[in-house]
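The values are calculated or read from the model by the stated rules, or taken from the named source; none is laboratory data. Bear in mind that the values here come from a model prediction, so they are computed numbers and not experimental data. We place every Cβ from the backbone using ideal geometry, glycine too, and count neighbours over all the protein chains shown.
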Amino acid sequence: MKTVTPRWRLILSRTLRQAWVRAALYCVGGVLAALVAWRFQFHVEENFALSVGADAVGNVLSILASSMLTVTTFSLTVLVSALGSASSGVTPRATTLWSEDRRAHDALATFLGAFMFSVVGIIALSTRLYGPGGRLVLLGATVVVIGLIVVTLLRWMQQLTRFGRVGETIRLVEHAAAQALRARRDRPHLGGIPPDPAHRHARPVLSDRIGYIQHVDLSSLTRALDGRDVMLDVAVLPGAFVHKATPLAFVDPDMKADALAAIRRAFLIADDRAWEQDPRFGLSVLAEIGSKALPPTAADYGTAIAVIGAGLRVLSEWVPDPDRPPPEPEHPRIRVPALSTEDLIADFFHPLAREGGGIVQVGVRLQKVLAALRSLSPERFSVAAGRASMLVTEHADFALLVPSEKAAVEALTLR
C-alpha cells in the first residue's frame, strides 16, 4: 500500500485548518441530525409524543434559524475585523495564524451547523415528513443543539475578549515558532544526514519557480533516487527565497530528467513563507512585532519587552537535550544543512537592537536575554550571543544621548 508522503500530509493538515472545512462538516452534521429524526420517529408512541408538546418544535426551529443566521453574520464580522486589526496594528504575517484559529472555526461552524439543522427541520415539517413521533425526536435533537450553542457561545464570549489583541497575537506567533524550532532541534537535518562539502555533487537542480521554500519532502527525494547508490545534497532550507537560477539540490551527473523533475516537486515553493518547517520565520515575525512598537509614534515599550521575553522562550527550545540521543537518520542518502544559530539570533535580535537602540529599557533587556541564552547553552549560543550583544551596545552608543544610559547598556555587554 502506498504511504502518504509528508508533503501530502502537510497539504491535508493545511486544508483541515481552513474555516470552510469545519463549517461544511458541521453543516452536514446538522442536516443529518434533522433527517435522523425521521428515521427514528417510528420508535416513539404517538400519544406520548402529543402529550409532551412535540408540536412546539416548529416555533423553536424558526427562532433558532433566525438567531443563528444573525450570530453567524456577527461572528464573521468580528473575525474579519480581528484579521484587519492584526494586519494593521501588529503585522500582516500573523493573520494566517488568526485565520486558522480553531476556536473561531468551532464557533462559526457550530452556529452555521445549527442554522442548517433548523432550516432542514423547518422544511421537513412543512412537507409533513414528520409524524408526532418524528416531531418529538426532532424536539430532543433541538434541545441538544441548543445546549451545544450555549456552550459554544460562552466559549466564544471568552475568546472575543482576546481576539486580535497584540498580546494574544504574540502568544500565537510564539507557539508556532517554538513548535517549529523544537521540531528542528529534534531533527536537525529534517531526517537526513549532515552535509559533506568535500564530496558534494557538481550537478545542480535549478528551481523552476520564484518564491519561498515552504517545505522539503525528503521522502520524495529518496524515492527520486530510485534505489541508486548515490547521495543527494539539499542546497536550500525552508524559508529561503529562490529563483530560476537557484540550485535546490546537487545530484549525480547521470541523473535522468524524470528524476530531476521529481526532485523539483519535492520542494514546495509558494509566494509566502510558512510556519511548519521554518522557525526563522516565526522569530522574524516576533521581531517585526517588537520593532513596530518601538518608533516614537508608537512608543509601546511594554509590547517590545513582552516580545523579547517571548523570543527567549522560543530560542530556549534550541538548547539540546543532553538526555536525548542523536536521532537516527531516516533518509541516509539525503544530506541536509542544519540551521545556523547565528541566523536565528540575527533574525530576532538585530531588528530589535536597531529600532530599540535609543531606548535604554529595551537595550538592557536585550543584553540580559542574550546573557540568559549564553547561560542556557554556552556551546550553542556563546559566539552568536556575544556578537549580538556587541551590536546592541553599538546601536545604544550611537542612539542614546545620556552617558549614564549608555553605560548601563555597555556594562551588560557579553565579553
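General observations
- Candidate set from segment 272-317 (those that are of a type in the set (Lys, Arg) and part of a helix (DSSP H, G or I)); member that is nearest to the chain's Cα centre (by Cα): Arg280
- Ile269 assigned to a helix (DSSP H, G or I), of a type in the set (Val, Ile, Thr) and touching a residue at least 12 places away in the same chain (Cβ under 8 Å): no
- Selection within segment 96-111 - modelled with pLDDT of 80 or more and more than 15 Å from Leu76 (Cβ to Cβ): Thr96, Leu97, Arg102
- Top-ranked residue in segment 185-220 [being hydroxyl-bearing (Ser, Thr, Tyr) and under 17 Å from Asp258 (Cα atoms); ranked as surrounded by the most Cβ atoms within 10 Å (Cβ to Cβ)]: Ser207
- Top-ranked residue in segment 119-170 [being over 24 Å from Trp98 (Cβ atoms) and part of a loop (DSSP other than H, G, I, E, B); ranked as modelled with the highest pLDDT]: Thr127
- Residue in segment 73-93 that is over 30 Å from Thr303 (Cα atoms) and not small (Gly, Ala, Ser) present: yes
- Residue under evaluation Val28, criteria (1) surrounded by fewer than 14 Cβ atoms within 10 Å (Cβ to Cβ); (2) at pLDDT below 75, criterion not met: (2)
- Residue that is surrounded by the fewest Cβ atoms within 10 Å (Cβ to Cβ) [pool: residues in segment 161-170 that are farther than 13 Å from Leu283 by Cβ and touching a residue at least 40 places away in the same chain (Cβ under 8 Å)]: Gly167
- Qualifying residue in segment 133-141 (condition: surrounded by 16 or more Cβ atoms within 10 Å (Cβ to Cβ) and touching a Leu at 6+ places or on another chain (Cβ under 7 Å)): no
- Residues of segment 102-123 satisfying the condition of being under 24 Å from the mean Cα position of the chain (by Cα) and either surrounded by 20 or more Cβ atoms within 10 Å (Cβ to Cβ) or not charged (D, E, K, R) (or both): Ala104, His105, Ala107, Leu108, Ala109, Thr110
- In segment 88-98, residue nearest to Ile11 (Cα to Cα) [restricted to those that are touching a Lys or Arg at 6+ places or on another chain (Cβ under 9 Å) and in a helix (DSSP H, G or I)]: Arg93
- Residue, surrounded by the most Cβ atoms within 10 Å (Cβ to Cβ), within segment 221-257, restricted to residues that are outside any loop (DSSP other than H, G, I, E, B) and out of contact with any strand residue (DSSP E or B) (no Cβ under 9 Å at 6 or more places or on another chain): Arg223
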